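The values are calculated or read from the model by the stated rules, or taken from the named source; none is laboratory data. These figures come from a predicted structure and were not determined experimentally. Here Cβ is always computed from backbone atoms with ideal geometry, including for glycine, and neighbour counts include all displayed protein chains. Accessible surface is based on the protein model in full, side chains and every heavy atom, while ligands, DNA and RNA are left aside. Shrake-Rupley method; radii C 1.70, N 1.55, O 1.52, S 1.80 Å.
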Amino acid sequence: MSAQIIRPIVHALRHHERLEVDYGAVSSTDRDGRIIVPVRFVNTGSRWHLRAWCEKAQNYRDFVLSRFHGTPIQEGKLLAPLPPDTRWNTHITLSITPDPRLSPEQQQALIRDYAMENGQLRLHIRVALAGYLLKEMQINTKMLDGNPAAQQLILANQDEVKEWLF
């Protein structure tokens with residue numbers, strides 16, 4: 001990541017200022033300019049994101065740092081106070097267990113690997129980071145892999161947390 005991109009972001013974050021940025025999202029074929037208010041840097045295990053208020057979306061978004069282009073332009077102070085970041089401020093507990101389709105021996109190996117208590121790993125996490133954690137742990141919440149050895153772990157309390165994940 002170049003200093004010409006990071007330096008203005010850090011400045012805006014420290015001084016609670018707005019930035020005009022050129023961002024290339026995967027969901028859009030066009031790079032589009034937008035005004036953001038940086039809030040924090042987030043490492044999701046595989047890459048760095050910038051959590052920011054997006055004026056275009058009127059919501060908090062996670063921007064992949066490597067997708068910024070050019071030099072962000074300082075746009076000055078906030079026009080109004082930012083609303084609360086509900087997904088950042090809300091915590092949930094993910095209950096991770098071995099895939100029950102595995103043999104008892106395979107399940108025990110995973111229980112030891114992850115130091116699970118009573119056969120489960122309970123992770124207290126911010127809602128905004130839950131999807132990244134599940135991806136990092138290779139837990140697919142949409143469907144089970146046909147081969148349980150390929151996925152190994154499942155989200156046991158999916159019904160309790162699905163409103164936050166999908």
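The calculated FRET efficiency for Glu117 paired with Ile73, based on their beta-carbon distance and R0 = 45 Å, is about 0.35. For Asn157, project a label point 7 Å along Cα to C-beta. Then give me every residue of the stretch 95-115 with its amide nitrogen under 12 Å of that point. Counting only backbone N, you get 95-97.
Taking a sphere under 14 Å around the Cβ of Arg87 and counting the other residues whose Cβ falls inside, with K and R at +1 and D and E at -1, yields a net charge of +1. Stokes-Einstein diffusion for the stretch 81-166, with the hydrodynamic radius set to the Kirkwood value over Cα pairs and evaluated at 37 °C in a medium of 0.692 mPa s, equals 239 µm²/s. Ligands, DNA and RNA left out, the 1.4 Å accessible surface of the stretch 122-166 is 49% carbon and sulfur atoms. Counting only alpha carbon atoms, the long axis of helix 3-15 and the longest principal axis of the chain meet at about 90°. Backbone amide hydrogens, once placed in the peptide plane, bring Ile154 within less than 5 Å of Thr97, Asp99, excluding anything fewer than 5 places away on its chain.
Computed over every Cα-Cα pair of the chain and binned at 5 Å starting from 0, the pair-distance distribution P(r) comes out as 1, 8, 15, 17, 15, 12, 9, 9, 7, 5, 2, 0 percent. With contacts taken as Cα pairs under 8 Å at a separation of at least 6 residues, the stretch 14-142 carries a relative contact order of 22 percent. Accessible area per residue for the stretch 56-166 is 62 Å², calculated with a 1.4 Å probe on protein heavy atoms, without ligands, DNA or RNA. Could you work out [θ]222 nm for the chain from helices alone, using -39500 (n - 2.57) per DSSP H run of at least four and dividing by all its residues? Round to the nearest 500 deg cm²/dmol. Counting only the DSSP helices, I get -8000 deg cm²/dmol. Would you mind checking the tilt of helix 104-113 against the longest principal axis of the Cα atoms of the chain, expressed as 0 to 90 degrees and rounded to 10? Long axis of 104-113 versus the principal axis of the chain: about 40 degrees.
Sort the following peptides by mean Cβ neighbour count (other Cβ atoms within 10 Å, averaged over residues), highest first: 99-106, 124-131, 56-63.
Final packing ranking: 124-131, 56-63, 99-106.
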